[in-house]
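I have placed the structure first, in the form of structure tokens, so that the comments after it can refer back to it.
The values are calculated or read from the model by the stated rules, or taken from the named source; none is laboratory data. Nothing here was measured: the structure is a model prediction, and the numbers come from that model. Here the Cβ is made from the backbone with ideal geometry for all residues, glycine too, and neighbour counts use every protein chain on show. To get the accessible areas, we keep the full protein, side chains included, count just its heavy atoms, and leave off ligands, DNA and RNA. Shrake-Rupley method; radii C 1.70, N 1.55, O 1.52, S 1.80 Å.
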Amino acid sequence: MGDKPTIAISHLGCEKNRIDTEHMLGLLVEAGYSVDSNEELASYVIVNTCSFIQSAREESVRTLVELAEADKKIVITGCMAQHFQEQLLDELPEAVAVVGTGDYNKIVDVISRVQAGERVKLVSPEPTYIADETTPRYRTTTEGVAYLRIAEGCDYRCAFCIIPHLRGNQRSRSIESIVTEAELLASQGVKEIILISQITTNYGLDLYGEPKLAELLRELGKVDIPWIRMHYAYPTGLTPKVIEAIAQTPNVLPYLDLPLQHSHPEILRAMNRTWQGAVNDAIVEKLKAALPNAVMRTTFIVGFPGETDEHYRHLLQFVKSHQFDHVGVFTFSPEEETPAYKLPNQLPQELMEARRDELMELQQPISLQKTSRKSVE
């Protein structure tokens, strides 16, 4: 190991961010660095940050401040580094480097430059990098479960969402690359693979000129992995072809993670999700008919600017009517780089929280009933 320092990584945010963390760990270990989970023993602490909404930024800031107070040399990576690169260097003297979401693959070079006394800012204005099966990876999940990223970035421009600003446009990996990594994970004893991207149902659109999720699922069905699960399946992309692939591929679980965000067409239009407004009810019913054993989870945003009591009641009825297995509810978070930040009729936080609590209270007995029924079956 020579004079190479010990490095710890503090992971924050989503599972897409986790994969970035795992690749940084893999690259550092391959380069001969000691990696320790104990930050007290580390010379450098890499903080892989989240900047999706205000609460996530607050968690990232708390972590950075705690490490700074402990006199740690901090390398800031991830979405907050992409988002606030100049401010972080200006306001946090302990930060020896900031590394953007499209630059984490250069982490070994960053550490070398920092050791040589340089203060590094490495943030590509437009992230274009995506790791593949050839990129070293040190998994942090349990032995039997692994996340597999099939694409990065997003081409949608939802009015409330900052992800395209932080992660760039969609860039898909090839089917061959994904299958190769799945086979590698299977050889490591992985029993469940969770496919993730920003819009899983749009997989391949940028690479092949049309979505290729159905073809990907069928190819993954040939890999010796008992369970394959999908996250972030937009309802409009669950075409008959994709539904058929789910139904006919034995190791693909009928688990549908549907980020619906709202039910009322007017709010969906304001969210710049007009394409979804006319299909919510129809697609849910179609999915139930085609996949009667499917587990459905979704997320909603309450308190979007201009959400009236009528809009909110529509959402309550939608949740009551469709009986989802799991529901997550978030209050609207105004993000400066998004169109929704400047919209009129912003709702008070107290009202948003009251609506969130009421909707979750409505969902609780539904989830309990669904879980109880499935455990009996």
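Multiplying the sequence separation of ASN345 and LYS286 by 0.36 nm and subtracting their Cα-Cα distance, what value in nm do you get? Show your work: numbers first, answer last.
Details: separation 59, 0.36 × 59 = 21.24 nm, distance 3.50 nm.
Extra length from ASN345 to LYS286 when fully extended: 17.7 nm.
Name the longest site-free stretch of the chain, where the excluded sites are trypsin sites (Lys or Arg not before Pro) in a DSSP loop with no more than 16 other beta-carbon atoms within 10 Å.
Counting at most 16 other Cβ atoms within 10 Å as exposed, the longest clean stretch of the chain is 223-377.
Using the Cα centre as the reference, give the magnitude of the dipole from point charges on the C-beta atoms of the chain (Lys, Arg: +1; Asp, Glu: -1; all else neutral), rounded to the nearest 20 debye.
With Lys and Arg at +1 and Asp and Glu at -1, about 980 debye.
Along the charge dipole of the chain, Cβ charges K/R +1 and D/E -1, which of LEU268, VAL75, ALA214 sits furthest on the positive end?
The residue sitting farthest along the positive end of the dipole is ALA214.
Using a simple charge model, +1 on the beta-carbon of Lys and Arg, -1 on the beta-carbon of Asp and Glu, nothing else, what dipole does region 2-45 show about its Cα centre, in debye to the nearest 20?
100
How fast does region 63-130 diffuse by Stokes-Einstein, in µm²/s, taking the Kirkwood radius from C-alpha pairs at 25 °C and 0.890 mPa s?
For the chosen part, D equals 205 µm²/s.
Would you mind classifying region 125-173 by shape? Square roots of the alpha carbon gyration tensor eigenvalues, ordered a ≥ b ≥ c; an a/c under 1.5 is rounded, otherwise it is prolate if a/b is larger than b/c and oblate if not. Can you show the working numbers first?
On the way: a/c = 2.72, a/b = 1.85, b/c = 1.48.
Prolate, since a/c reaches 1.5 and a/b exceeds b/c.
Contact order normalised by length for region 145-185, with contacts defined as Cα pairs under 8 Å and 6 or more residues apart; what percent is it?
That works out to 44 percent.
Rounded to the nearest 10 degrees, what's the angle between the helix 54-69 long axis and the longest principal axis of the chain, both from Cα atoms, 0 to 90?
Here the helix axis deviates by roughly 20 degrees.
May I ask you to list the residues of region 235-260 whose amide nitrogen lies under 14 Å from a point 7 Å from Cα along the Cα→beta-carbon direction of GLU15?
Residues 253-259 fall inside that zone.
If you roll a 1.4 angstrom probe over the protein chains with everything in place, what fraction of the accessible area of region 305-377 belongs to carbon and sulfur, to the nearest %?
It is 52 percent, rounded to a whole number.
Which one of GLY153, PRO93, SER172 has its Cα pushed farthest toward the positive end of the charge dipole of the chain, where Lys and Arg give +1 and Asp and Glu give -1 at the Cβ?
SER172
Distances over 18 Å make up what percent of all Cα-Cα pairs in region 168-298?
Everything past 18 Å amounts to 55 percent.
How far, in degrees from 0 to 90, does helix 280-290 lean away from the longest principal axis of the Cα atoms of the chain, to the nearest 10?
90
Taking a threshold of 26 Å on the Cα-Cα distance, which of the pairs LYS288/LYS370; LYS191/LYS320; LYS72/LYS191; LYS16/LYS121; LYS286/LYS320; LYS16/LYS191 fall above it?
Cα-Cα > 26 Å for LYS191/LYS320; LYS72/LYS191; rest within.
For the chain, what is the mean residue ellipticity at 222 nm derived from helices alone (per DSSP H run of n ≥ 4: -39500 (n - 2.57); sum divided by total residues; nearest 500 deg cm²/dmol)? Walk me through the numbers before you get to the answer.
Values: 15 runs with 155 residues, N = 377.
The helix contribution divided over the chain gives -12000 deg cm²/dmol.
How large is the accessible surface per residue of the chain, computed with a 1.4 Å probe and reported in Å² as a whole number?
44
Report, in debye and to the nearest 20, how large the dipole of region 161-281 comes out about its Cα centre when Lys and Arg carry +1 and Asp and Glu carry -1 on their Cβ.
On the way: 11 positive and 13 negative charges, 47 e Å.
That gives a dipole near 220 debye.
Label points 7 Å out from Cα along the Cβ direction at LEU368 and GLN54: separation in nm?
3.2
Of the heavy-atom accessible surface of region 1-140 (probe 1.4 angstrom), what whole percent is carbon and sulfur?
Percent of accessible area from carbon and sulfur atoms in region 1-140: 48.
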